[in-house]
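The structure appears right after this line, and notes come after that.
Every read-out reported here was derived from the displayed coordinates using simple, explicitly stated rules and does not represent laboratory data. Worth saying up front: this structure is predicted, and the values here are computed from it rather than measured. Cβ placement follows ideal geometry from the backbone for every residue including glycine, while neighbour counts extend to all protein chains displayed.
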Amino acid sequence: MNSNPSLRAAVLGIALIALVTLIYLPGLQGSFLFDDYPQIVHQESVHMESFDAGSVSAALHGFRHGIGRPLPMLSFAIDHLAWGRDPFGFKLTNLVLHAGNALLVYILVLRLMSMGQARTSTSATALPAALLAAIWALHPLQVSTVLYVVQRMEILSLFFVLLAMHAYIAARERQIRGQRGWPLLLACPPLVALGLGCKETAALFPAYTLILELTLLGFNAHSPRTSGAWRKAYAVAVVVGLLFAGLLAPLYTSPEVFAIRDYSAIERVLTQFRVLPMYLGWIVFPDPGAYLFYYDQYTPSRGLLQPATTLAGLIFLLFLVGSAAWLRRTLPLYALGVLWFLAAHAVTSSYLALELVFEHRNYFALLGVLLAIYALVSKVWHKPASPRLPILISAFLLAGLSGLTLMRASTWGDPLHLAMDLAQRNPASPRAGTGLADQYLLMARGVDDPFLQLAKSEYERAASLPDASPIPEQGLIIMAAKLGRPAEAAWWDGLVGKLANRPIGPQEMAVVTSLLDLRNEGMPIDDLRLSHAYGTLARRMALPPTQYFAFAVHARVDLGDTAVVREMLAQTVDHAQGNEALLRDLSAYLRDQGFTDDAAYLQSYARLPAEQIPKQ
């Protein structure tokens, strides 16, 4: 094998894929979790029954938030076609994609090591590269990305970014040798576009390649003209990027945008000075007990000294940047790793109105930390008498990490065990408590089952926690409906009160819309109380026009409340923003259902000519 470096590298790649598959395999028996429900389980557009143009189109447009993530949604639809709603198949697809990413990371690290150590052969770096890729793939922090189905968006986005990275490096190496590199460079934009079709973080690709140039590639090319062109292109790109970020800042940092959060844009950025060092600690000192999955209880920073660890975190991050700049030429792989870690968080740790902490945000960032550590260890290791000792230490480390990941994956493979574990380790999290109550409810087999009382108690405990969302009350209302019992008034009061007084955002919208969906499916939910809930939501949050229309239809069909109908139809028109085609379709629907007065009201409010409204 030593005489054939290609065969050696191939065998190591196959072993990597096999090991990754083996370690994560126990986790495939787990259930859907949290955002899996609104995006997959309750998302009709991905419930594909046949592979045809209409079903594909529906899946591609199925993502409810943001600018759209069509490729993961289509993959969910294909999984549904193959597996129905069995989460095993969805998790298996995630695992296959993660194993593919591990292979791409292995090849990438192999190339980076060869670039960083020009005199070192590919054969000599194959084993260290494989070990580093395995540590990346089998780090216990990755479990909540691989086995949390909806995070396929992150996994699939990185898949295309890694392919683009390989094309870019190959093109630049060809240019350095004096060969044509532009055909490979032409592959980068479509690959990045595919990554953007999975998740917006693929937009960080230019930052990753700039860091490659600043560290390992040095803007070099066989032709000085080409080298100069690269320097100018990146200088322009940096200026344009900073101007673009500055122009977008007022749009994304306004109080109206952050009304969905209990912190401002400045407070969010300040909080990341604590969050990023915490992420680094998670990576360097892997402890599954520190990975809580739910971070809805994480306290934002209110100032540089509130808490003081905010300032300490900022100083530490500045030290990292300074060390990367200082060692950029003497230890380029270290600088590359540090800057990649920071760049990977440039979107999710910015001024955007995102939640404060998520484990999956380290999916690629973890590789940067590993590269930096490898570079430091390689620099200080000067004992040629024991050349295999670093390999043995790495293998021992990999074995330990694999054991931790296997245990965590096994926990994720048992829904009740996972829910109990998350709730016990994070008792202040309303989401963790609600998740445990959901599992108790699923375990119940009759009206007298003890699991029902456990579910009720846990829902009520979660609902009473500080800053709890209305999700626990939603669970209580659904539990009562499934048992054929009326929901307690306190539960509805709590739900509507939180909609009226808490910061309101996508999860509050999901609470109300899912209750409406269940009511439309025949679940006995109090129509009047439900109308109070969606009326409160509609007055505090901008919704899609079709959602207001759905509220109007419920108010007409199940309540006969003309005042609510007219209010929701007015909101439909206001938020349709002049989309006459949509309004014509909605008016036609009302006429088809026999609600001619409502159709006429919508027509007049939208100022549609009468001849544009189809008649029976």
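Evaluating 6.51 cos²θ - 1.76 cosθ + 1.60 at θ = phi - 60° for every residue in segment 365-372, the Karplus couplings come out as 4, 4, 5, x, 5, 5, 5, 5 Hz, glycine and proline recorded as x.
Which label belongs to the value computed from this structure, given these candidates for Rg and Dmax of the Cα atoms in Å: (i) 26.9, 91; (ii) 39.8, 186; (iii) 25.5, 88? Checking each listed value against the structure points to (i). Per the Debye calculation on segment 258-374 with a single equal scatterer at every Cα and no solvent contribution, log₁₀ I(q)/I(0) for q = 0.22 Å⁻¹ amounts to -1.31.
Counting other Cβ atoms within 10 Å, keep those with at most 11, restrict to DSSP loop, and tell me which chymotrypsin sites (Phe, Trp or Tyr not before Pro) in segment 8-116 are left. Answer in residue order: PHE51. With +1 on each Lys and Arg Cβ and -1 on each Asp and Glu Cβ, how big is the dipole of segment 542-616 about its Cα centre, in debye rounded to the nearest 20? Dipole magnitude for segment 542-616 comes out near 120 debye. Each Lys and Arg adds +1 at its Cβ and each Asp and Glu adds -1 at its Cβ; summed about the Cα centre, the chain shows a dipole of about 3260 debye.
Looking at ALA171, PHE160, CYS188, which one has the Cα that reaches farthest to the positive end of the dipole of segment 142-236 (charges on Cβ: Lys, Arg +1; Asp, Glu -1)? Working it through, the farthest residue towards the positive pole turns out to be ALA171. Quick one: go through segment 329-359 and flag any residue whose amide nitrogen is under 16 Å from the point 7 Å out along the Cα-to-Cβ line of ARG425. Residues 358-359 fall inside that zone. Under Stokes-Einstein, with the Kirkwood radius over Cα pairs as Rh, the value for segment 542-616 at 20 °C and 1.002 mPa s is 180 µm²/s.
A simple packing score, the average count of other Cβ atoms within 10 Å per residue, orders the peptides 35-48, 240-253, 357-370 as 357-370, 35-48, 240-253, with the highest score first. Here the extension length gained between ARG329 and TYR589 equals 86.9 nm, from 0.36 nm per residue of separation less the Cα-Cα distance. Compute the helix-to-body angle for 430-443: its Cα long axis versus the longest principal axis of the chain, expressed 0 to 90° and rounded to tens. Once rounded, one gets 70 degrees. Helix 265-284 and the longest principal axis of the Cα set of the chain meet at an angle near 50°. Simple rule: put +1 on each Lys or Arg Cβ and -1 on each Asp or Glu Cβ in the chain, find the dipole, and look at LEU327, LEU398, GLY289; the Cα lying farthest toward the positive end is LEU327.
Residue-wise HN-Hα couplings along segment 209-217, as the Karplus relation 6.51 cos²θ - 1.76 cosθ + 1.60 with θ = phi - 60° gives them from phi, are 6, 4, 5, 4, 5, 5, 10, 8, 8 Hz; Gly and Pro carry x. Measuring nothing but how far apart in sequence close Cα pairs (under 8 Å, 6+ apart) lie, relative to its length, segment 542-616 scores a relative contact order of 28 percent. Helix 506-520: angle to the longest alpha-carbon principal axis of the chain, degrees 0 to 90, nearest 10? It works out to around 50 degrees. Helical runs (DSSP H, four residues minimum) scored at -39500 (n - 2.57) apiece and divided by the length of the chain put the mean residue ellipticity at 222 nm at -21500 deg cm²/dmol.
Packing here is the average count of other Cβ atoms within 10 Å per residue, and on that basis the peptides 322-329, 55-62, 393-400, highest first, run 55-62, 322-329, 393-400. Taking 0.36 nm per residue of separation and subtracting the Cα-Cα distance, full extension of the segment from ILE266 to LEU392 would add 40.8 nm. Since only TYR374, LEU276, LEU454 are under comparison, the one whose Cα sits farthest along the positive direction of the charge dipole of the chain, derived from C-beta charges on Lys, Arg, Asp and Glu, is TYR374.
In this Cβ point-charge picture (+1 for Lys and Arg, -1 for Asp and Glu), segment 335-487 has a dipole of about 640 debye about its Cα centre.
Centre-to-centre separation between the Cα atoms of segment 197-225 and those of segment 515-577: 49 Å. Across segment 221-232, computed HN-Hα scalar couplings (Karplus, 6.51 cos²θ - 1.76 cosθ + 1.60, θ = phi - 60°) run 7, 4, 9, x, 5, 5, 4, x, 5, 5, 4, 5 Hz from first to last residue, x flagging Gly and Pro.
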